[in-house]
Amino acid sequence: MKNLRIIALFVLAIHLIACEDDFLSPAPNSAISADAFYQNDTELEAGVIAMYDGIQGINSTTTTDLHGIQVEFYLTEMRSDNTKTKSSEGETAQFESYAVEATNGIVADYYASMYNVIFRANTVLANIENASAAKAGQFEGEAKFVRAYAYFNLVRLFGDIPLATELIQPSDQETAFTRVASADVYAVIVSDLETAVANLDNTYKNRASLAAAQALLAKVHLTLGNYSTAQTLCESIISSTEFSLATDFNQLFYSEGNDEVIFAIGYDSDNGNDSQNFSAEWLNAVGRTSGVNYVTDDAKAALTALGGTMRASYSMRVDALQPIHSQVVKYLPNGDENLGIDAVSSDPTLAGNDWIVLRYADVLLMHVESLLAGADGPISNTAALASFQEVRDRAGLTTLVSSITKQDLADERRVELAFENHRLFDLIRLGLAESTLGAFASSNGFNFSANDLLLPFPQREINLSKGLLSQNPGY
């Protein structure tokens, strides 16, 4: 694997290119083209690893670098009622106050990062005929899973978006900048994930797997309102018995590759190429823009009232330097002796905490959602109650639940998955976003409207498109 990663770094030299035109068809700065490089299984697998490197992002303080999911919390948690900045200043504060501007560099970073991931996936797929019969299905499944993952994030954040399912030429401005109806984007996402389900097994946790494809596809179908299909997918994972809830909620985030993890983006501590600094940014006096993704009073109240002692204690803590604030505990890079958390690196800005994208508790709660089937409730379906109770039992909330409403589910997902970048999407999918975020914004002196559920397209992309790319309403 070490040699494969070295090859993957060489592949990155092909992929990390002059991106002044667009991210769907960049022009290589290497003398070796992708067509010439991807000639066998080893080289194609290096291209597959490069896709995950794209999601992982670059650990740097350079604003022009693509930081991948390391900046995702700004666009998700900090646009919900879960987190905020410490000082309410600068570009980062635009997210908490629902005042995001089209010139916001973090939005541009994430947009470019996901399209760069899509380009890498399309590159693998364009050369899949060079794979052996034994490996072709796996590589195709992984590439289509990654492409679907990136498009799913983009379509939920921006709405109608440019769509490319193959490599395009730099001159093809129409494909690169023309927005495609969300329904068409979702059709590609579903098709890609169905291919992944058909081709993958559960060998990996830091790469695409059968269960990861099933779980992501279930979430897509819940988003589309296809509840029975989502139910079947969730029950396939549950009945496989390959996954279970971690006994120790705290160590779930530090014992990497445990039985609850379905898909995580891997990081290595004290490694400039493969570490992350987002968890350092969540601390006080550590990192580049420390004091972001701080816990809101609203989230503190929810965790205290509904989370149970275990989840409250291991999800947030009082900032020792400024006790009026609370920090996210999940993914602490420098440890906490009082909480029994060891440091994961000698330098918090070179942290190795894996980022969990999908875990079994999420699947259990998606199973409940599929059985709610869009109803406000209450429901007392036996299977839904069993999945709901399993999550609560692990949290120490063992009193039996007899019925579940949509609000119950939203609350449970909030306290179980707090600060894992789910809250905004959950509220939107459950139809609670406008009322919940409207009330939250009003109580904090912010202005919120339905337009704020989508981000603005980066102004840079608007300018490059020469009129092809239209902006979202309200920006």
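Mind giving me the nanometre distance, one decimal, between the label points for Thr382 and Ser346, set 7 Å out from Cα along Cα→Cβ?
Going by the 7 Å Cα→Cβ label model, 5.8 nm.
Quick check for you: which residues of the stretch 255-294 have the amide N under 16 Å from the point 7 Å beyond the Cα of Ser87 toward its beta carbon?
The answer is 281-294.
Got a sec? How would Leu468, Leu358 order by Cβ neighbour count within 10 Å, fewest to most?
On the way: Leu468 16, Leu358 27.
Going from sparsest to densest Cβ surroundings: Leu468, Leu358.
Looking at the stretch 176-323, what % of the alpha carbon pairs are farther apart than 22 Å?
60
When 1/r is averaged over all different Cα pairs and the result inverted, which Kirkwood radius in Å belongs to the stretch 309-439? Can you show the working numbers first?
Values: mean 1/r = 0.0606 Å⁻¹.
Across the stretch 309-439, the inverse of the average 1/r is 16.5 Å.
Using label points projected 7 Å from each Cα along Cα→Cβ, tell me how many nm separate Ala181 and Thr103, to one decimal.
3.6
How long is the gain from Ser171 to Leu321 if the chain were fully straight, where each residue apart is worth 0.36 nm and the alpha carbon distance is subtracted? Provide the component values of the computation, followed by the final result.
Details: separation 150, 0.36 × 150 = 54.00 nm, distance 5.34 nm.
Taking 0.36 nm per residue and subtracting the Cα distance, the gain is 48.7 nm.
Using just the alpha carbons, could you tell me how many Å³ per residue the convex hull of the stretch 173-263 encloses? Don't skip to the answer; put the middle values down first.
Numbers: hull volume 12.4 nm³, N = 91.
Hull volume normalised by residue count: 137 Å³.
Could you work out [θ]222 nm for the chain from helices alone, using -39500 (n - 2.57) per DSSP H run of at least four and dividing by all its residues? Round to the nearest 500 deg cm²/dmol. Intermediate results must be reported in sequence, preceding the final value.
Values: 20 runs with 224 residues, N = 475.
Mean residue ellipticity, 222 nm, calculated: -14500 deg cm²/dmol.
Can you compute the FRET efficiency between Leu464 and Ala285 using 1/(1 + (r/R0)^6), with r the Cβ-Cβ distance and R0 = 45 Å? Round to the nearest 0.05.
Numbers: r = 38 Å, r/R0 = 0.85.
Taking R0 as 45 Å, the efficiency between Leu464 and Ala285 is 0.70.
As an exercise, identify the trypsin sites (Lys or Arg not before Pro) in the stretch 284-324 lying in DSSP coil whose Cβ has no more than 12 other Cβ atoms within 10 Å.
Values: sites: Arg288, Lys300, Arg311, Arg317; in loops: Arg288.
Answer by residue number: Arg288.
Amide H neighbours of Gly377 under 5 Å, counting only residues 5+ apart in sequence or on other chains, H built in-plane at 1.01 Å?
Those lying under 5 Å, H to H, from Gly377 are Lys406.
How much length is gained on full extension from Ser236 to Asp411, taking 0.36 nm per residue of separation minus their Cα-Cα distance?
Length gained between Ser236 and Asp411: 60.5 nm.
Normalised by the number of residues in the chain, what is the relative contact order in percent for Cα pairs under 8 Å and 6+ residues apart?
On the way: 862 pairs, mean separation 84.8, N = 475.
Contact order relative to length: 18 percent.
Among Ala230, Gln56, Ile161, whose Cα sits farthest toward the positive end of the charge dipole of the chain (+1 at Cβ of Lys/Arg, -1 at Cβ of Asp/Glu, about the Cα centre)?
Among Ala230, Gln56, Ile161, the one farthest towards the positive end of the dipole of the chain is Ala230.
Quick query: amide H of Val357 versus all other amide H atoms, modeled in the peptide plane; which residues come in under 5 Å with a sequence gap of 5 or more or a different chain?
Phe263, Ala264, Ile265
Can you give me the long-range amide H partners of Thr83? Hydrogens built in the peptide plane at 1.01 Å from N, cutoff under 5 Å, separation of 5 or more residues or another chain.
Those lying under 5 Å, H to H, from Thr83 are Thr296.
What is the fewest-to-most order of Ser315, Ser449 by other Cβ atoms lying within 10 Å of their Cβ?
Details: Ser315 25, Ser449 13.
So the residues, fewest neighbours to most, are Ser449, Ser315.
Count neighbours as other Cβ atoms within 10 Å of each site's Cβ, and list the GluC sites (Glu not before Pro) in the stretch 185-267 that are DSSP loop with at most 16 such neighbours. Write out the running numbers ahead of the final one.
On the way: sites: Glu194, Glu235, Glu242, Glu256, Glu260; in loops: Glu242, Glu256, Glu260.
Loop-located and lightly packed - Glu242.
Tell me, what HN-Hα J-couplings in whole Hz come from the Karplus equation 6.51 cos²θ - 1.76 cosθ + 1.60 at θ = phi - 60° for each residue of the stretch 223-236, using x for Gly and Pro?
Residue by residue, the stretch 223-236 yields 4, 8, x, 8, 5, 5, 5, 4, 4, 4, 5, 4, 5, 5 Hz.
Taking a virtual spin label 7 Å from the Cα of Asn338 along the C-beta vector, which residues in the stretch 282-299 bring their backbone nitrogen under 15 Å of it?
284
Among Ile428, Ile49, what is the fewest-to-most ranking by other Cβ atoms within 10 Å?
Details: Ile428 18, Ile49 22.
Ordered by Cβ neighbours within 10 Å, fewest first: Ile428, Ile49.
Full-extension gain between Ser403 and Gln39, please, as 0.36 nm times their residue separation minus the C-alpha to C-alpha distance.
Values: separation 364, 0.36 × 364 = 131.04 nm, distance 5.65 nm.
Extra length available between Ser403 and Gln39 comes to 125.4 nm.
Which chymotrypsin sites (Phe, Trp or Tyr not before Pro) in the stretch 239-320 pass both tests, a DSSP loop state and at most 13 other beta-carbon atoms within 10 Å? Walk me through the intermediate numbers first.
Values: sites: Phe243, Phe249, Phe253, Tyr254, Phe263, Tyr267, Phe278, Trp282, Tyr294, Tyr314; in loops: Phe243, Phe249, Tyr254, Tyr267, Trp282, Tyr314.
Loop-located and lightly packed - none at all.
Apply the Karplus curve 6.51 cos²θ - 1.76 cosθ + 1.60, θ = phi - 60°, to the phi angles in the stretch 151-159 and return the couplings in whole Hz, x for Gly and Pro.
Taking θ as phi minus 60°, the curve returns 5, 5, 5, 5, 5, 6, 8, 10, x Hz for the stretch 151-159.
Tell me, what ³J(HN,Hα) does each residue in the stretch 359-371 have, in order and in whole Hz, if you take phi through Karplus 6.51 cos²θ - 1.76 cosθ + 1.60 with θ = phi - 60° and put x for Gly and Pro?
The phi angles translate into 9, 5, 4, 4, 5, 4, 6, 5, 4, 4, 4, 5, 7 Hz.
Working from the alpha-carbon coordinates of the chain, get Rg over Rh, Rh being the Kirkwood radius.
Working: Rg = 21.3 Å, Rh = 22.6 Å.
Radius of gyration over Kirkwood radius for the chain works out to 0.94.
We did not get these values from a lab; they are worked out from the coordinates using the rules stated. Note that the structure is predicted; figures quoted are calculated from it, not measured. Because the Cβ atoms are built from the backbone with ideal geometry, glycine has one as well, and the counts that use them run over all protein chains shown.
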